[in-house]
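Notes for the one structure printed next.
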Amino acid sequence: MVAKKKKVKVQLVKGMKDILPDEQLYWNIIREKVENFARNYGFSRIDTPIVEFTNLFKRTVGEDTDVVSKEMYSFVSQGGDKLSLRPENTASVVRSYIEHGMLNLPQPVKLFYIGPQFRHDNPQAGRYRQFWQFGFEAIGDDDPVIDAQMIAISYFILKDLGLDIEIQVNSVGDSISRTEYIKVLKKYYQDKKKSLCKDCSLRLNKNTLRLLDCKNKKCQELSEETPQMVDHLSEDSKEHFMAVLEYLDELDIKYSLNPKIVRGLDYYTRTAWEIFECSSKDGKLNALGGGGRYDNLVDMLGGRETPAIGFAIGVERVIMKMQEAKVELDKGKKFDIYIAQLGIEARKKAMHLFEELRLAGFSVTENMSKKGLRDQLEMANKKGAVFTLIMGQKEIADETILIRDMESGVQEIVDYKKIKSEIRKRLDKNITKNLKLKK
Ligand code: AMP
């Protein structure tokens, strides 16, 4: 007798997430919104590979950041290359900008992306190890109007998606003022070292700015009294920042100044912002994304000194907030026609009709394996079909077909040969009726 094999269940890798059909509606709406904004503001899509040389992130995001030191999926390839799954997309976009000589194009080069990122973070609600971000990057211009426009895009996309949004903005200064400020901060924390959390006492020398946005209660208390970056900005950076704020006022964007917005990564300079959703029941602000200038990044990666700015927003977080806020979704286009069939002969004919209508440009759907009419009408309703075509033995014999208006339930017999023009006529009538209703 053959021993029965024990079944081993397959399962999802920890921190990963399936995007099931029910949720795809949110994804489609977000993709569409992002693409529309990109078109309006003149951004072109870029897709970079998921895998890059590990060094790209070490040099840019920074070896001492959590993202690089703790959270990267890194491995050595069969060929011996040290590679990583991208933890964010900006470094890759800038690598591509340099490698493809985009500095010879009219500046700024405006690019957007939407794709998965990977961080070996602690999974929890709204935090995954593979998550998606969409982001916009404008490379090659340091005019403050670009900063304001980038903030505006991040703000208006989320507002258009039905969320209540607040922007918190800061300036982390240019390299010189940033270096000066870090010195001041180190001095401030020197005699408070013992009260810092373990992570912050390690960060103090390597990634000092991060002390300002540590979530530990004690560290937060200490950071209340820190000297502020705005008081240490160079004249140039200050002027730049004031101009950004002026444009934001002009655009009526809901923002507040937050001297603790430093962004986690090494490459940020001058304008930095985070985007919060503020309608949560618990009263907590939830970060949906963030952005900032990275005027040294192109240079850091071996290109010509080039100012740039960008932001990234987490898609899963946005969807979570849209669901919490019960944002009403426009379910989009439904089906014009559902084809119902009764009996094997009718089913065969219906299969041909389905192809014929599909090729003629109708949006058509079916459930050929279903047998009863009631079941099929129920499916037609669920799928939101405007009309159902019903075909049985009698219709085949008479060379006719039944058209059922799904809203009124009225059924009419029409000549099978005239089916396309009959449907078109009815669909046109429906459009006119809907337009009148809207008025
Ligand atoms: P960051 O690149 O860290 O500034 O993150 C920008 C946005 O990406 C965050 O505000 C989140 O919306 C999203 N995000 C970052 N990390 C994760 C994660 N582990 N899971 C889900 N979303 C994330």
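What follows draws every value from the coordinates through simple rules; no lab data is involved. Because the structure is a prediction, the values reported are computed rather than measured. Note that we place each Cβ from the backbone using ideal geometry, even for glycine, and neighbour counts take in every protein chain shown.
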Descending Cα extents along the principal axes, the chain, whole Å: 93, 76, 48
Residues with amide H under 5 Å from that of L288, placed H, sequence gap 5 or more: I275, F276, E277
Beta bridge orientation in the range 266-395: antiparallel %, DSSP, nearest 5: 60 percent
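What does the charge dipole of the chain about its Cα centre add up to, to the nearest 20 debye, if the Cβ of each Lys and Arg holds +1 and the Cβ of each Asp and Glu holds -1?
On the way: 73 positive and 66 negative charges, 499 e Å.
Magnitude of the dipole: close to 2400 debye.
Of K382/K425; K321/K370; K6/K370; K382/K429; K334/K417, which ones are farther than 31 Å apart at the Cα? Display every interim value, and only then the final one.
Details: K382/K425 24 Å; K321/K370 38 Å; K6/K370 36 Å; K382/K429 22 Å; K334/K417 25 Å.
From the list (K382/K425; K321/K370; K6/K370; K382/K429; K334/K417), the Cα-Cα distance tops 31 Å for K321/K370; K6/K370.
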Rounded to whole Hz, the Karplus (6.51, -1.76, 1.60) HN-Hα couplings of the range 188-198, x for glycine and proline: 4, 7, 3, 8, 10, 3, 5, 7, 6, 5, 4
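Given charges of +1 on the Cβ of Lys and Arg and -1 on the Cβ of Asp and Glu, with all other atoms neutral, how large is the dipole of the range 337-438 about its Cα centre, in debye to the nearest 20? Please list the in-between numbers first.
Details: 21 positive and 15 negative charges, 73 e Å.
The calculation lands at about 340 debye.
Determine, for W27, W132, W273, the number of other Cβ atoms within 10 Å of each Cβ, and report the residues in order from fewest to most. Mind dumping the intermediate values first?
Working: W27 15, W132 20, W273 27.
In increasing order of surrounding Cβ atoms, one gets W27, W132, W273.
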Estimated FRET transfer efficiency (S363, E246; beta-carbon r; R0 41 Å; 0.05): 0.25
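For H232, H100, what's the fewest-to-most ordering of other Cβ within 10 Å of each Cβ?
Details: H232 19, H100 12.
Least crowded to most crowded, the residues run H100, H232.
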Value of D in µm² per second that Stokes-Einstein yields for the range 200-325, Kirkwood Rh from Cα pairs, at 10 °C (1.306 mPa s): 95 µm²/s
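Hey, got the dipole for the range 36-155? About the Cα centre, +1 on K and R Cβ, -1 on D and E Cβ, debye to the nearest 20?
Values: 12 positive and 15 negative charges, 83 e Å.
Using Cβ point charges on Lys, Arg, Asp and Glu, the range 36-155 gives about 400 debye.
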Amide proton proximity set for T400, modelled H, under 5 Å, gap of 5+: Y416
Centre separation in Å (Cα based) which lies between the range 1-24 and the range 239-263: 47 Å
HN-Hα J in Hz across the range 127-142 - Karplus 6.51, -1.76, 1.60, θ = phi - 60°, x for Gly and Pro: 10, 10, 8, 10, 9, 9, 10, 10, x, 10, 10, 10, 10, x, 7, 10
Inter-centroid distance (Cα atoms) of the range 359-401 relative to the range 114-171, Å: 45 Å
Exposure proxy ranking, count of Cβ atoms within 10 Å, fewest first, for F53, F134: F53, F134
Out-of-range pairs (alpha-carbon distance over 20 Å; input K238/K260; K218/K260; K349/K394; K58/K194): K58/K194
Nitroxide proxy distance, nm - points 7 Å out along Cα→Cβ at K159 and A3: 6.7 nm
